[in-house]
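First comes the structure, then the notes that go with it.
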Number of protein chains: 2
Amino acid sequence: MRMSEGVEWALHSCLNLTWVESGEAVTATRLAAFYGLPAAYLNKQLQALARAGILSSTSGPKGGFRLAREPERITLLDVVTAIEGPEEAFRCDEILRRGPGGKEGVDYRTTCLISRAMGAAELAWRQELAARTIADLKADVERGFPHTPQATRNRFANARS
Amino acid sequence: MRMSEGVEWALHSCLNLTWVESGEAVTATRLAAFYGLPAAYLNKQLQALARAGILSSTSGPKGGFRLAREPERITLLDVVTAIEGPEEAFRCDEILRRGPGGKEGVDYRTTCLISRAMGAAELAWRQELAARTIADLKADVERGFPHTPQATRNRFANARS
DNA sequence: GCCAGCATACTCGGATAGATTATGTCCGAGTTAGTTTGG
DNA sequence: CCAAACTAACTCGGACATAATCTATCCGAGTATGCTGGC
């Protein structure tokens, strides 16, 4: 049960995008250069964010990615779901059906108490993620590290590769 | 981020083991036959549970697996950790170190606010899992399906392959 | 009849292949900016 | 001088290899059982 490392990249990239001049797009190459990541693979993750409606993409010169909506309306769960997909980590294969007294028309994902308990735990996880937005993180970072916004803009301006 | 299906098998097997006569060991083959699972692969999962101290194993004739301690002292988190390993789903690779202002001696797993937020969500998940024991599930199942304990014993007695 | 020794069958345990998913890379379709050319 | 069309470079987007992990299988080490033979 390992989460794709693309989640970490996507979250940092979204956060960085909150600090660029409004309306300016940033290319996948520059976002990747920020942390020394493989550009083509980060591009793949950003595509997933664009498909999920979190980012908007523009082709051609002066193209790139930008946030598709306000950071207040982007939760951590949105980003995780965009990268990892919507299916749950614990998938109930309904093995009870093959046990004694297993019926055919029963949905064991809701009947099996093991499935229910695992689902409840996963729901708690999702609720925690849904309660925090990119804007929350942005505010927390700016409180703890006031120079970060300017440093981010500078790096994007200088590393113009 | 998909969890191994061995977790589902392990949880059901632990629950079934609470219903066998006390002191009697059940072989991996019979536990597998219960749901039509591949015996050798289930054996592998049960080995992991034994290494984690959840089950105790006995070789030779009349050998097999049994619970190593009372069901009240086995949490869902214990089982999940035994199968999936102790590492977290979201692993912070500390990519901030390669960004602007990245220091060498800093532990970004505790400094990076993204890592902290993801860790908090995962903690909520773990707390939910740690709060439920195999004994809880056993009691809930017996309340909702009173015939299950006897049906389980019967199946173990009959399917003597 | 009783006990010690032994052969036997059975179980776990780890080492070994195959399948699926995640990771990483590459090139083409589309688009915008800048340039050029004609009026 | 201005405008329109064209060229060219740049970007995303998805198709294509590679690596890691999960899934599945097999055979050997060890052990308790039941039998055999002797006392």
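The values are calculated or read from the model by the stated rules, or taken from the named source; none is laboratory data. All values reported here derive from a predicted model rather than from experimental measurement. Every residue, glycine as well, gets a Cβ built from its backbone with ideal geometry; the counts of neighbours run over all protein chains shown. Protein only, heavy atoms only, side chains kept; ligands, DNA and RNA dropped before computing areas. Shrake-Rupley method; radii C 1.70, N 1.55, O 1.52, S 1.80 Å.
Points worth noting:
- Top of B:46, B:17, B:137 by mean-square fluctuation, Gaussian network on chain B, Cα under 10 Å: B:137
- The C-alpha atoms of chain B define a longest principal axis, and helix B:134-144 lies at about 60 degrees to it.
- Those residues of region A:104-126 whose amide nitrogen sits under 12 Å from the label point placed on residue B:140, 7 Å along Cα→Cβ: A:110-122
- Listed by chain and number, the lysines whose alpha-carbon sits under 23 Å from that of residue A:44, ignoring those within fewer than 8 places in the same chain, are A:62.
- Candidates B:52, B:139, B:25, ranked by Gaussian network fluctuation over chain B, Cα under 10 Å, top entry: B:139
- Label spacing, shortest first and in nm, from residue B:146 to its equivalents in the remaining copies (7 angstrom along Cα→Cβ): 7.0
- Computed FRET value (nearest 0.05) for residue B:39 with residue A:68, which takes r as the C-beta separation and R₀ as 45 Å: 0.35
- Straight-distance candidates among the lysines for linking to residue A:103, with alpha-carbon spacing under 28 Å and chain neighbours fewer than 8 residues away dropped: B:138.
- For region A:1-127, the solvent-accessible area of protein heavy atoms averages 46 Å² per residue (probe radius 1.4 Å; ligands and nucleic acids excluded).
- Sorted peptide list for B:86-98, A:60-72, criterion being average Cβ within 10 angstrom, highest first: B:86-98, A:60-72
- Accessible surface, 1.4 Å probe, highest first, among residues A:29, A:133: A:29, A:133
- The listed residues B:77, A:15 rank as B:77, A:15 when sorted by accessible area, largest first, using a 1.4 Å probe.
- Cα convex hull of region B:53-161, projected area averaged across orientations, nm²: 10.9 nm²
- Averaging Cα coordinates gives a centre for region A:30-59 and one for region B:1-80; these two points are 44 Å apart.
- Per-residue SASA remark: residue A:59, around 110 Å² accessible (1.4 Å probe; ligands, DNA and RNA not included).
- GNM top mover of A:106, A:79, A:20 - chain A, alpha-carbon springs below 10 Å: A:106
- Heavy-atom accessible surface of region B:69-152: percent carbon and sulfur, 1.4 Å: 50 percent
- Chain B: relative contact order in percent, alpha carbon pairs under 8 Å with at least 6 residues between: 28 percent
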